[in-house]
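Report on one structure; see the data block that follows.
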Protein chains: 2
Amino acid sequence: MTTFPCSIQDLPTPCLLLRRSRLVANCRKMAARMAEKGVGLRPHLKTAKSIDVARIATAGHSGAITVSTLAELEYFAKHGVDDILYAVGIIPHKLNRIAEVARSGTKVLCITDSASLIPVLNAKADALGITLNLMVEIDVGGLRGGLSDDDEVLAVAREISEADHLSFMGVMTHAGQSYAGPDLDHIESVAEDERQGLVSIAKHVEQQGLVCQIVSGGSTPTATHGKTFEGLTEMRPGVYTFQDLDQYGLQSCGLDDIVVSVLTSIVGHNPRADRILTDAGGLALSKDLAAKKFLDHTGYGWIADTDGNLNEDRLYVAEVHQEHGLLASPNGSVDPEKLPIGSLITVLPNHICMTAAAYDGYYVVEEDGRVSEFWPRVNGW
Amino acid sequence: MTTFPCSIQDLPTPCLLLRRSRLVANCRKMAARMAEKGVGLRPHLKTAKSIDVARIATAGHSGAITVSTLAELEYFAKHGVDDILYAVGIIPHKLNRIAEVARSGTKVLCITDSASLIPVLNAKADALGITLNLMVEIDVGGLRGGLSDDDEVLAVAREISEADHLSFMGVMTHAGQSYAGPDLDHIESVAEDERQGLVSIAKHVEQQGLVCQIVSGGSTPTATHGKTFEGLTEMRPGVYTFQDLDQYGLQSCGLDDIVVSVLTSIVGHNPRADRILTDAGGLALSKDLAAKKFLDHTGYGWIADTDGNLNEDRLYVAEVHQEHGLLASPNGSVDPEKLPIGSLITVLPNHICMTAAAYDGYYVVEEDGRVSEFWPRVNGW
């Protein structure tokens with residue numbers, strides 16, 4: 001077991017390093033932006049899955065959060081978060097676990113876009129002795145879940161309102177198309193589509209006498225670049241807490257805003273293949289290649305030193321096997337002497353939501369480079 | 001908590017289903033093949049990471065296994081496995097944990113391809129009070145780790161033999177290029193290259209008076225298709241235990257040999273995008289796309305029913321978000337009525353080593369379709 005404080009050199013590899021001051025800065029910046037724009041912040045904790053991060057991310061706002069799994073819902077409720085939106089379309093089978101959390105006093109919000117499901121959800125909520133809070137999911141162009149037709153939304157909202165054991169809470173969307181960036185004009189315009197789409201549907205519903213307590217949008221690109229959020233009650237960005245190479249490519253952050261990196265050991269040199277081998281492979285990094293859309297030679301991540309400074313030869317993880325990462329140089333040969341076997345480097349991840357999921361927590365690094373504590377994550381479902 | 005036995009309908013989603021009879025059949029077949037060919041089987045447990053699977057996979061052979069992480073090493077040793085090869089190049093920092101396992105009575109084998117590391121490993125083994133068993137890693141064309149030159153191998157072997165606290169055990173390789181298939185002639189020829197490469201290097205080393213107790217090859221394709229293993233003492237295939245779409249594409253197995261699938265719920269329909277939504281997304285399936293090399297319309301996996309029968313419309317997971325999978329049809333539109341919200345399907349995974357890593361274990365399904373027990377996995381490092 002690791003005892004704290006300790007040095008980065010003492011940690012097992014691969015593991016996740018979390019730079020506290022960057023996390024706090026990212027969270028403060030987003031919280032301040034949302035406050036300044038007059039909109040609430042309900043951070044999505046699917047990225048961090050950590051109560052320690054949730055406490056920092058919710059500072060200055062209501063304390064409400066968003067989650068993507070029932071495991072997260074249960075974990076955050078147990079740790080005292082009292083207002084949680086579960087942002088994946090609800091199905092009846094999942095109400096058993098939802099009801100347990102709701103009964104413990106946590107406000108749980110669920111989402112649906114299906115009129116045909118309402119009677120089933122109502123019957124199940126009745127059987128479980130709860131009132132289920134439901135929002136209608138809207139599609140503003142992401143083409144994942146949600147309805148886009150005003151009257152279809154109204155029909156579902158009305159069904160919910162009229163059901164004895166359901167409570168209509170409002171509308172929500174996720175403008176996933178904001179990730180198609182990196183043109184800032186494009187992201188701004190997606191943010192405006194997201195806002196207008198939600199506001200106009202909310203108005204249509206309210207004109208029929210139904211109250212949208214919550215009008216909820218959000219993604220890191222739209223929350224970062226949207227000009228106005230008028231008419232929305234809250235935004236739900238998530239990855240801004242940690243940032244990553246994908247967000248850097250999308251111009252949502254700078255490289256120095258990337259909070260979490262993968263600490264890895266050099267475990268071999270292969271001069272015949274012109275590769276340096278590390279112990280962070282496909283499981284330790286994930287096979288997400290999102291960052292290559294907007295950046296060159298990203299592979300499975302860019303290499304930095306243990307202080308987070310980008311490698312001078314711009315080495316990157318060119319290939320992965322399950323437990324091996326193979327480093328290459330975009331500008332010529334790798335020089336094994338610069339990275340002896342046993343030395344430590346870090347990998348800036350392509351998509352931290354995917355990468356972090358392989359680990360049971362984060363080693364927290366302070367500004368002086370010392371490791372102060374370990375923050376657990378809640379993985380699985 | 002789930003109580004057993006139960007029905008597949010009672011399980012949370014997403015989760016892993018493991019069909020016991022298929023696992024037993026795959027393991028028996030490989031064990032029998034290796035026995036018939038006169039070579040030992042040291043199955044690689046990086047795929048299953050489960051002691052329950054290890055017990056089945058080692059039946060009929062010595063009980064020795066291969067692992068890819070120190071977490072696996074510690075877990076399997078704790079569960080009584082007494083001969084374990086850690087198949088990632090060893091570095092001095094990791095000897096602390098290796099030594100603890102070795103002191104508990106488990107035979108631990110490590111690998112290296114670095115002459116310069118030998119004095120450091122020797123000093124550290126001395127400090128820890130152990131004799132470290134070392135094999136030399138050979139590269140027979142996979143271009144990952146390992147040496148390919150006879151005299152370089154001999155030099156490392158000799159350094160190990162002459163060190164007071166190291167013990168030279170033999171040579172090993174992993175012919176990763178066997179995954180470039182799917183031509184069976186190609187795989188057969190890689191298997192023969194792997195065998196000949198190892199045997200000729202082992203002979204070279206032994207001619208100098210050093211004994212190779214172990215001459216170890218292995219990958220699922222080469223173990224499945226190699227004609228002879230003469231001169232090898234053991235093979236180390238791993239994914240054959242479970243099989244997957246990648247192995248199916250490589251002709252290492254049939255679809256009915258795939259042991260583990262992802263149980264997922266239908267959570268939505270999006271007729272505008274012609275997609276059906278499930279709760280198995282990028283985390284539940286992994287973002288590995290290996291299977292597309294040799295098969296069409298694989299996406300992130302093929303859809304089957306809960307009995308494992310391939311979907312009649314050949315639906316596949318066309319897109320993933322973190323917690324959403326989007327199903328499409330290769331032959332036209334999807335029909336939402338065939339898969340109502342709340343119904344259950346399974347996903348045949350592209351690359352089960354990657355997919356399984358997101359879960360803490362397997363729900364074991366018997367031939368009558370009942371779920372009999374839960375087998376935990378050891379994840380992380």
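The values are calculated or read from the model by the stated rules, or taken from the named source; none is laboratory data. Everything quoted here is computed from the prediction, not taken from an experiment. Reconstructed Cβ throughout: ideal geometry from the backbone, glycine too, with neighbour counts over all protein chains shown.
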Hey, any hits in the range A:173-194 for a residue that's within 14 Å of another protein chain (Cβ to nearest Cβ), assigned to a helix (DSSP H, G or I), touching a residue at least 12 places away in the same chain (Cβ under 8 Å) and charged (D, E, K, R)?
no
Does B:A273 meet the test of being at pLDDT below 95 and either of a type outside the set (D, E, K, R) or in a strand (DSSP E or B) (or both)? yes
Restricting the range A:282-332 to residues that are of a type in the set (S, T, Y) and in contact with a helix residue (DSSP H, G or I) (Cβ under 9 Å, 6 or more places away or on another chain), the one nearest to the other protein chains (Cβ to nearest Cβ) turns out to be A:S286
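Residue by residue, here is whether (1) crowded, with 22+ Cβ neighbours inside 10 Å; (2) in a loop (DSSP other than H, G, I, E, B) holds:
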position	(1), (2)
B:I90	yes, yes
B:H93	no, no
B:N96	no, no
B:A102	yes, no
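One line per residue, one yes/no per condition, for (1) away from chain A (no Cβ under 14 Å); (2) surrounded by fewer than 24 Cβ atoms within 10 Å (Cβ to Cβ); (3) touching a residue at least 40 places away in the same chain (Cβ under 8 Å); (4) not polar (S, T, N, Q):
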residue: B:G231; (1), (2), (3), (4): yes, yes, no, yes
residue: B:F242; (1), (2), (3), (4): no, no, yes, yes
residue: B:D246; (1), (2), (3), (4): no, no, yes, yes
residue: B:L255; (1), (2), (3), (4): yes, yes, yes, yes
residue: B:V259; (1), (2), (3), (4): yes, no, yes, yes
residue: B:V262; (1), (2), (3), (4): no, no, yes, yes
residue: B:G268; (1), (2), (3), (4): no, no, yes, yes
residue: B:D274; (1), (2), (3), (4): no, yes, yes, yes
residue: B:A280; (1), (2), (3), (4): no, no, yes, yes
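Output the residues belonging to the range A:58-68 that are more than 12 Å from the chain's Cα centre (by Cα) and touching a residue at least 40 places away in the same chain (Cβ under 8 Å). Please lay out each step first, then the result.
First, pick out the residues of the range A:58-68 that are more than 12 Å from the chain's Cα centre (by Cα): A:58-64.
Of everything in the range A:58-68, just one residue is more than 12 Å from the chain's Cα centre (by Cα) and touching a residue at least 40 places away in the same chain (Cβ under 8 Å), namely A:A64.
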Before we move on, is B:E159 crowded, with 22+ Cβ neighbours inside 10 Å, within 19 Å of the chain's Cα centre (by Cα) and assigned by TED's automatic domain parsing to the domain that holds B:C110? no
When (1) over 19 Å from A:L18 (Cα atoms); (2) of a type in the set (V, I, T); (3) surrounded by fewer than 23 Cβ atoms within 10 Å (Cβ to Cβ) are applied to A:V39, the one that fails is (3)
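Working carefully through the options B:I84, B:I111, B:I98, B:I91, find the one that is among the β-branched types (V, I, T) and either in contact with a helix residue (DSSP H, G or I) (Cβ under 6 Å, 6 or more places away or on another chain) or outside the structural domain of B:D193 (by TED's automatic domain parsing) (or both).
Values: B:I111 fails: either in contact with a helix residue (DSSP H, G or I) (Cβ under 6 Å, 6 or more places away or on another chain) or outside the structural domain of B:D193 (by TED's automatic domain parsing) (or both); B:I98 fails: either in contact with a helix residue (DSSP H, G or I) (Cβ under 6 Å, 6 or more places away or on another chain) or outside the structural domain of B:D193 (by TED's automatic domain parsing) (or both); B:I91 fails: either in contact with a helix residue (DSSP H, G or I) (Cβ under 6 Å, 6 or more places away or on another chain) or outside the structural domain of B:D193 (by TED's automatic domain parsing) (or both).
Sole residue among the options that is among the β-branched types (V, I, T) and either in contact with a helix residue (DSSP H, G or I) (Cβ under 6 Å, 6 or more places away or on another chain) or outside the structural domain of B:D193 (by TED's automatic domain parsing) (or both): B:I84.
Matching residues to (1) at pLDDT 95 or above; (2) within 24 Å of B:C110 (Cα to Cα):
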site	(1), (2)
B:G181	no, no
B:V205	yes, yes
B:G218	no, yes
B:L245	yes, no
The strands (runs of 3 or more DSSP E) lying wholly within the range A:311-381 that contain at least 3 residues that are within 18 Å of A:D244 (Cβ to Cβ) are A:316-320, A:344-348, A:361-365
